[in-house]
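Worksheet: one structure, shown below.
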Amino acid sequence: MIISIILLSFYLFRTLIFKIGFEKQYLLNSAKNENISLSTSILVPARDEEANVKTCIESLNSCEYLNDKLEIVAINDRSSDSTSDILHSLARNIDYLKVIDIETDLQKGNLKGKAGALQIGASNANNDILMMTDADCTVHSKWIKTIGSQFDKQTGLIASFTLIKGDSIFDKIQAIEWLFLHTMACGGVGMGLPMGCYGNNLSIKKEVFNAVGGYKNIKFSVTEDLALLLSVDKLGYKIKYLCDFESSVETIPVQGMSEYLKQRKRWVLGGKALGWKAIAFVIFSLTVWLSLVWGIYCKDLSIVLLTLFTKIFLDSVLIYKPLKEMNKLKLLPYLPFAIMFFMIMELVAPFLIINKKVVWKGQTFQT
């Protein structure tokens, strides 16, 4: 029992670090600058998104914002469906919607995938803030206004939460997982150790984007959002991570275990850029498994139950406030099942990166 308590104390320490960082970031972001005058460009890369892109653009068009300087830059990235037609049709009725068609990879120069599309979009954006979301997302009606009000002279980049919609149990598990990952990413920023963000809800000052050299100057990564975050942090700009329902976006979950594993493989491979932080994160996570295995080895049911209870309790403490802030408390009953699922995925993750080839959105990348 003593060995398990020692092992679980490491997981408690990890939870406290993220919890303290989250609370620090939450308090820092409570003040808003309603008099902000920065203009905004929204970048929306789209590849074969005929089923989603119209809803995305309409949600952006319905947003409140702080001034009249707004443009939406939609980048059609070599779509083989009717994405381009839909965007050009929308542009006829939305005068601040600019559509850029990428017909071949040659237009991206030496950049690959989504990073190349975003670079082209940023190069064609005219305003002070670049806000990024994906074509399969919809945004809160106050998304632009809320994030814009958080920019000040020191702040270079702002990340915020992405929510998962869907009614199946698998959808709800993904929704909980994204909330967990956002909470830990927010906590990392709060402790001065940025560890992640999501590119479908990411905003950066254009002058900061240019200062890091854009994606042209960032080493290619299958998680281009993390690469940008780390580059901004390296140059010393202030980073914020908002846990505010009004700054959230909503996206659709991946369908099926195969697509889920492809997504997680991409995240794990991209996370290697964190170096020692990624190693420490994995080690602290493994302490729970070590305690569980020790209990099984000792044939001591009390150790097994203590381990599982500690894991569920600490994770619940960490995620409760974000669940409440994002109006997702209805997910609480699914939390124990989701946590067990995540524990299994922790064992699967190392096997995902044996083959470093990543297939995503019909494109293949070699990491």
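Values for this structure:
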item	result
Residue that is nearest to the chain's Cα centre (by Cα), among those in region 323-348 that are among the basic types (K, R) and surrounded by fewer than 17 Cβ atoms within 10 Å (Cβ to Cβ)	K324
Every pair of residues 6+ apart whose Cβ atoms lie under 6 Å, when the first sits in region 43-65 and is in the same structural domain as V139 (by TED's automatic domain parsing) and closer than 19 Å to P253 by Cβ while the second is surrounded by 24 or more Cβ atoms within 10 Å (Cβ to Cβ) and among the acidic types (D, E)	R47/D77
Helices (runs of 4 or more DSSP H) (entirely within region 50-149) containing at least 1 residues that are over 17 Å from T40 (Cβ atoms) and charged (D, E, K, R)	53-61, 83-91, 113-123
Residue list for region 169-191, filter: touching a residue at least 24 places away in the same chain (Cβ under 8 Å) and either outside the structural domain of L242 (by TED's automatic domain parsing) or not aliphatic (A, V, I, L, M) (or both)	F170, D171, K172, Q174, E177, F180, H182, T183, C186, G187, G188, G190
Criterion (touching a Lys or Arg at 6+ places or on another chain (Cβ under 6 Å), more than 22 Å from E346 (Cα to Cα) and not small (G, A, S)) met by exactly one of I158, I204, I239, I218	I158
Residue list for region 247-279, filter: at pLDDT 90 or above and surrounded by 15 or more Cβ atoms within 10 Å (Cβ to Cβ)	S247, S248, V249, E250, T251, I252, P253, V254, Y260
Those residues of region 156-168 which are surrounded by fewer than 24 Cβ atoms within 10 Å (Cβ to Cβ) and either in a loop (DSSP other than H, G, I, E, B) or in the same structural domain as L335 (by TED's automatic domain parsing) (or both), in sequence order	K165, G166, D167, S168
Residue tally, condition polar (S, T, N, Q) and closer than 14 Å to K98 by Cβ, over region 40-83	4
Wholly enclosed helices (runs of 4 or more DSSP H) of region 219-330 bearing at least 1 residues without any contact (Cβ under 8 Å) to a residue 24 or more places away in the chain and within 30 Å of V53 (Cβ to Cβ)	224-234, 256-271
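Per-residue answers, yes or no, for (1) touching a strand residue (DSSP E or B) at 6+ places or on another chain (Cβ under 9 Å); (2) of a type in the set (D, E); (3) farther than 21 Å from I319 by Cα; (4) modelled with pLDDT of 95 or more:
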| site | (1), (2), (3), (4) |
| --- | --- |
| A185 | yes, no, no, yes |
| G188 | yes, no, no, yes |
| K205 | yes, no, yes, yes |
| Y215 | no, no, yes, no |
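The values are calculated or read from the model by the stated rules, or taken from the named source; none is laboratory data. This is a predicted model, so every value here is computed, not measured. Positions of Cβ are backbone-derived with ideal geometry, glycine not excepted, and every protein chain shown enters the neighbour counts.
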